[in-house]
């Protein structure tokens, strides 16, 4: 038990060392959540970042943070007041008044949160898009898409994309969704880690979208990788690094 406690204490202390620039949600109008990670998120984020984390540790941390993202997505949805009866008395509560009808997975990393989000929104249609990054230019290259024919009428569309670096991939995804009739205001992007440069790019192009995330990192380095970041999310999760 002492070893277990010490391990998580170390992770928590390390997380404070990896946090440099502090941003507020008001810095980016498209960000619709508190962007100061909770203690719970900091612990799992530290494990996710650590280059010495095993594949199992990386996957566990990813799943914990994605579950926390689901909560932030719920905060973007409209609710309504309902009256129910407990075994003791009547009381008021809330229920969703929004229907998440579509999830768009940006393959392949987006398939990781997709598995968790689809459990929380089991009625949502699943759409796929593959956009690869040119490692020399950092420009997105479109490869494949499969959208549901009903996506144009969706009230809410969640895009699962764990990392927002330059914003180029998401810009292409959102433009494709808009070309199929999806309104900006109905789009929710769920990400774990984002660079401020990518968020600014998205905010300039799509000021009405909604973004929820775990953390905003310092900057993009010369290779257009998020710093401090966590490496290649897909490679570390799938074991293809």
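When region 54-67 is limited to residues that are buried (at least 17 other Cβ atoms within 10 Å of the Cβ) and in contact (Cβ under 8 Å) with a residue 60 or more places away in the chain, the one that is nearest to residue 98 (Cα to Cα) turns out to be 66. Here the condition is being farther than 17 Å from residue 101 by Cβ, in contact (Cβ under 8 Å) with a residue 24 or more places away in the chain and buried (at least 17 other Cβ atoms within 10 Å of the Cβ); of 177, 114, 170, it holds for 170 alone.
Note on region 86-105: residues that are touching a helix residue (DSSP H, G or I) at 6+ places or on another chain (Cβ under 9 Å) and modelled with pLDDT under 95 amount to 3.
Of the residues in region 11-18, not one is within 21 Å of the chain's Cα centre (by Cα), under 15 Å from residue 215 (Cα atoms), surrounded by 16 or more Cβ atoms within 10 Å (Cβ to Cβ) and at pLDDT 95 or above.
Residues that are assigned to a loop (DSSP other than H, G, I, E, B) and closer than 26 Å to residue 217 by Cβ within region 166-188 comprise 166, 167, listed in sequence order.
Residue 83 fulfils the conditions (1) modelled with pLDDT of 95 or more; (2) within 30 Å of residue 140 (Cα to Cα); (3) assigned to a strand (DSSP E or B) except for a single criterion, (2).
Within region 129-144, the set of residues being surrounded by fewer than 17 Cβ atoms within 10 Å (Cβ to Cβ) and under 18 Å from residue 180 (Cβ atoms) comprises 130, 142, 143, 144. Taken over region 25-57, the residue count meeting the criterion of being in contact with a strand residue (DSSP E or B) (Cβ under 9 Å, 6 or more places away or on another chain) and either farther than 30 Å from residue 210 by Cβ or modelled with pLDDT under 85 (or both) is 3. Within region 91-111, the residues that satisfy the criterion of being over 24 Å from residue 236 (Cβ atoms) and either in a strand (DSSP E or B) or touching a residue at least 60 places away in the same chain (Cβ under 8 Å) (or both) are 91, 92, 93, 94, 95, 96, 100, 101, 102.
The values are calculated or read from the model by the stated rules, or taken from the named source; none is laboratory data. Note that this is a predicted model, so its numbers are computed, not measured. Glycine gets a Cβ as well: all are built from the backbone with ideal geometry, and neighbour counts include every protein chain shown.
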